[in-house]
Amino acid sequence: MSRDQKITKYPLYPLYPFPKNDLELEQDAKCSKLLHELMKKVWGGNFVSPIEQELKNKKDFKVLDVGCGTTCSWILELSKTYPLAKFIGLDLLTPLLPKDFSQNNLQFVQSDILKGLPFEDGSIDFVHMRCLTAAFTERQWEEVVIKELVRVCKPGGWIELLEIDVDGKSLGPTSKRIISACMAKFENRGVNGLISEEIPEFFESTNQVEIYAEEKYSPIGNWGDELGKLALDFFVSIFSSSDELIEWIKLII
């Protein structure tokens with residue numbers, strides 16, 4: 001798509017830095033696919049919760065992917081792998097589905113979690129959400145997002161969140177300047193770039209869940225073999241996916 005083509009504005013959260021038009025949406029789709037492959041490599045699969053047997057054998061086992069994105073990479077793959085389960089993808093935007101899409105066990109809902117998830121209490125067996133650090137303020141995470149995830153999850157069900165710490169580890173001077181600028185911008189918007197450190201406490205405050213937290217590290221760069229190269233491609237894609245992010249970087253490098 002060329003820069004002189006029609007640009008459509010998309011109604012995303014005011015805090016969220018991408019995507020906001022057709023051009024950014026196209027780049028974001030590439031970024032989302034890279035993210036999906038990166039997370040699979042880092043975590044050794046599409047999920048860590050012990051639900052494999054239920055996905056395989058339990059008819060109508062319900063899975064909700066909150067913020068599935070327009071590419072829906074995670075939920076598309078799982079719906080094909082586990083045909084007995086029922087999958088729901090939820091996002092603010094309409095999904096960009098493959099032309100040959102015909103998954104009877106997968107449906108999409110266009111909705112905003114901040115206005116309440118459109119599902120009954122205790123109706124979902126497995127709730128999944130990832131990489132939405134920049135979408136919500138810390139207050140929204142604590143007062144709305146976490147509580148909604150817990151509300152719709154069945155007793156004995158599972159909620160799995162995956163967030164990437166924005167600050168990174170062992171960064172070089174240029175990367176440190178970029179990350180510092182992003183963290184400052186997030187802070188001005190009320191966004192906590194290290195919200196993953198607070199999420200366990202938010203869950204604990206509901207008094208309804210048992211909590212398990214785990215950290216994984218990934219190299220970023222060609223020195224890190226296949227995983228490092230994939231991570232580099234992903235982060236380069238992130239910082240070129242939004243005009244706003246590009247402008248941030250121009251100010252500091």
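With the requirement that a residue be in contact with a helix residue (DSSP H, G or I) (Cβ under 8 Å, 6 or more places away or on another chain) and among the polar types (S, T, N, Q), what does segment 137-189 give you?
The answer is 140, and nothing else.
Filter segment 181-220 down to the residues that are free of Cβ contacts under 8 Å to residues at least 12 places away in the same chain, not charged (D, E, K, R) and not in a loop (DSSP other than H, G, I, E, B), then identify the one that is surrounded by the most Cβ atoms within 10 Å (Cβ to Cβ). Even if it seems obvious, please write down each step before you answer.
Here is the first cut: in segment 181-220, the ones free of Cβ contacts under 8 Å to residues at least 12 places away in the same chain are 184, 187-188, 201, 204, 207, 210-212, 215.
Within this subset, residues satisfying the condition of being not charged (D, E, K, R) are 184, 188, 207, 211-212.
Retained after the next criterion (residues that are not in a loop (DSSP other than H, G, I, E, B)): 184, 188.
On the way: 184: 11, 188: 8.
Per the stated criteria, the residue is 184.
Considering every residue within segment 60-69, establish whether at least one is touching a Cys at 6+ places or on another chain (Cβ under 9 Å) and not in a loop (DSSP other than H, G, I, E, B).
yes
So residue 63 fits all but one of (1) within 30 Å of residue 189 (Cβ to Cβ); (2) buried (at least 16 other Cβ atoms within 10 Å of the Cβ); what number is the exception?
Of everything listed in (1) within 30 Å of residue 189 (Cβ to Cβ); (2) buried (at least 16 other Cβ atoms within 10 Å of the Cβ), residue 63 misses just condition (1).
Check segment 30-45 and report whether any residue there is at pLDDT below 90, within 16 Å of the chain's Cα centre (by Cα), more than 20 Å from residue 161 (Cβ to Cβ) and part of a helix (DSSP H, G or I).
Within segment 30-45, one or more residues are at pLDDT below 90, within 16 Å of the chain's Cα centre (by Cα), more than 20 Å from residue 161 (Cβ to Cβ) and part of a helix (DSSP H, G or I).
Of all residues in segment 86-106 being of a type outside the set (D, E, K, R) and at pLDDT 95 or above, which is surrounded by the fewest Cβ atoms within 10 Å (Cβ to Cβ)?
Top of the filtered list is 105.
When you scan segment 125-139, how many residues do you find that are modelled with pLDDT under 95 and either in contact with a strand residue (DSSP E or B) (Cβ under 7 Å, 6 or more places away or on another chain) or at positive phi (or both)?
1
Quick one: residue 69 ticks every box in (1) of a type outside the set (Asp, Glu); (2) at positive phi; (3) at pLDDT 95 or above bar one, so which box is it?
If we test residue 69 against (1) of a type outside the set (Asp, Glu); (2) at positive phi; (3) at pLDDT 95 or above, just (3) comes out false.
Restricting attention to segment 148-159, does a residue exist that is surrounded by 20 or more Cβ atoms within 10 Å (Cβ to Cβ) and within 15 Å of the chain's Cα centre (by Cα)?
Yes.
The values are calculated or read from the model by the stated rules, or taken from the named source; none is laboratory data. Just so you know, these numbers come straight off a predicted model, no measurement behind them. Glycine also receives a Cβ, built like all others from the backbone with ideal geometry; neighbour counts cover every protein chain displayed.
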